[in-house]
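The values are calculated or read from the model by the stated rules, or taken from the named source; none is laboratory data. Note that the coordinates shown come from a computational prediction; the quantities given were computed from them, not determined experimentally. Neighbour counts run over all protein chains shown; Cβ positions are idealised from the backbone, glycine included.
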Amino acid sequence: HCDLECPVCIVQNRHNYHMSRQEFVAVLDGLVQKEELIDTVNLSGGEPTLHPDFMEFLDITGQYGRFTRVSVSTNGLRIAKDLDFCKQLADRGTYVNLQLDALSNQALRTLRGSGRHDAVKLRALDNLEKAGVRTTIVSTVAKGVNDSDIGDCVRLLTENDFILSLMFQPAAYTGYGGGTFGPHDPCDIMTIPDIVREIQTQTSGDLTRSDFFPLPCSHPGCFALTYMLKTDNGYLPFPRFIELESYLEAIANRGTIRPDDRFDRMLRDTIDRLWSAAGQIPDSARVLKSLKRALRLLYPDDRRIELESRLRIGEGLVKTIFIHAFMDEHTFEVDRIKKCCTHYALPDGRLMPGCAYNMLYRHRDQRYTGAIGQKQIWSAGDEVTPPTG
């Protein structure tokens with residue numbers, strides 16, 4: 001169920017459908033049976049905030065105690081209109097993945113349909129910040145539409161403490177977007193290298209191509225990322241001061257850095273190396289100061305801090321830029337499916353790679369294709385005014 005009909009949407013849910021409580025519990029039961037600890041469980045849709053039992057589902061998810069983070073992917077319409085709703089998310093420790101492709105309404109209208117989307121996004125950001133909700137910006141990038149807005153999204157990340165990470169997604173032409181968005185040349189689309197190149201250009205070299213590496217648990221054609229350490233005068237990408245082997249070990253078999261013993265070793269080894277090579281490594285003094293501060297906060301000598309608390313502290317010290325390329329009929333590769341680390345959990349207990357489900361199975365799922373109900377779509381008349389202060 002969704003209240004938008006985005007021209008670029010990678011799924012195609014033709015009718016209303018709300019998952020039942022029984023189905024939801026079956027999905028979570030299937031997850032915990034297959035994985036001892038899961039980094040992130042994400043509630044998506046459609047538009048998940050429209051579900052009549054949405055808050056109950058968040059509470060149920062939290063009761064399992066097996067998920068490091070619980071997040072929700074949203075277009076921001078409800079968040080923009082309801083500050084109390086945002087406060088309920090903050091009280092539960094829920095992370096929000098906010099769909100924000102650009103800051104200009106012209107690009108947003110092309111990707112998301114009619115309406116003042118820029119006002120919605122600004123109000124949503126304002127409410128998320130007021131409520132203290134930890135936020136990720138998710139930007140779908142289409143060539144010739146909003147690829148010139150990439151730098152603005154990076155600056156939004158680095159200039160706002162409540163925004164922890166940024167996810168760029170090159171447009172994939174499947175689902176609703178496969179039939180309505182375009183025309184496009186399948187040989188002339190945005191790719192991971194294209195986005196990295198635009199990041200370098202639009203940030204004037206503050207971030208460069210050498211700062212980005214594939215996510216080890218995924219296929220290199222699916223994910224690239226960089227982590228950035230907060231310093232006294234901005235953010236510095238990890239690959240510039242951490243040896244590659246240590247860096248890749250810290251993020252092996254996981255989608256996010258976890259401040260555990262592995263991360264502790266990486267910090268201490270890096271501090272030792274920078275200290276012994278002082279003056280030979282650019283920005284070594286600035287990096288050393290920031291790393292020592294991080295070590296004191298995350299692993300204090302006078303007390304033990306639980307992993308969950310260290311996670312929250314670490315989120316204030318590090319920001320992340322992800323680039324996640326979904327597949328469509330022109331880019332589909334079985335090798336990428338085999339390495340997928342982003343799965344849909346189904347009520348029958350199966351975990352299915354996201355692109356395999358969207359490409360091969362979603363259109364056959366009666367939950368989304370049966371005549372279950374009528375959709376109510378947000379229109380240009382449902383305006384949300386931008387924040388004024």
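So, of the residues in segment 130-173 that are more than 25 Å from Phe85 (Cβ to Cβ) and among the basic types (Lys, Arg), which turns out to be modelled with the lowest pLDDT? Looking at the filtered set, the residue picked out is Lys143. Per the listing Arg258, Arg268, Arg254, the residue uniquely buried (at least 16 other Cβ atoms within 10 Å of the Cβ), out of contact with any Ser or Thr (no Cβ under 8 Å at 6 or more places or on another chain) and within 28 Å of Ile38 (Cβ to Cβ) is Arg254. Determine which single condition Trp275 fails, assuming it passes every other condition in (1) of a type outside the set (Lys, Arg); (2) touching a helix residue (DSSP H, G or I) at 6+ places or on another chain (Cβ under 7 Å); (3) within 15 Å of Lys319 (Cβ to Cβ). Just one mismatch for Trp275, condition (3).
Answer with yes or no whether Ser218 is over 19 Å from the mean Cα position of the chain (by Cα) and small (Gly, Ala, Ser).
Numbers: over 19 Å from the mean Cα position of the chain (by Cα): no; small (Gly, Ala, Ser): yes.
So Ser218 does not fit the description; no.
Of the helices (runs of 4 or more DSSP H) entirely within segment 139-242, those holding at least 2 residues that are closer than 21 Å to Thr74 by Cβ occupy 150-158, 175-180.
Looking only at segment 348-361, count how many residues are under 13 Å from Gln33 (Cα atoms), out of contact with any strand residue (DSSP E or B) (no Cβ under 9 Å at 6 or more places or on another chain) and not small (Gly, Ala, Ser). Break it down stepwise before answering.
Our first condition is that a residue be under 13 Å from Gln33 (Cα atoms); within segment 348-361, this holds for 348-351.
Imposing the further condition that a residue be out of contact with any strand residue (DSSP E or B) (no Cβ under 9 Å at 6 or more places or on another chain) reduces the set to 348-349.
Still in the list and also not small (Gly, Ala, Ser): 348.
Qualifying residue count, segment 348-361: 1.
Restricting attention to segment 75-120, the residues that are within 23 Å of Cys6 (Cα to Cα) and either among the aliphatic types (A, V, I, L, M) or without any contact (Cβ under 8 Å) to a residue 40 or more places away in the chain (or both) add up to 18. Could you go through segment 73-92 and let me know if any residue there is under 25 Å from Ser139 (Cβ atoms), surrounded by fewer than 19 Cβ atoms within 10 Å (Cβ to Cβ) and small (Gly, Ala, Ser). Looking through segment 73-92, at least one residue is under 25 Å from Ser139 (Cβ atoms), surrounded by fewer than 19 Cβ atoms within 10 Å (Cβ to Cβ) and small (Gly, Ala, Ser).
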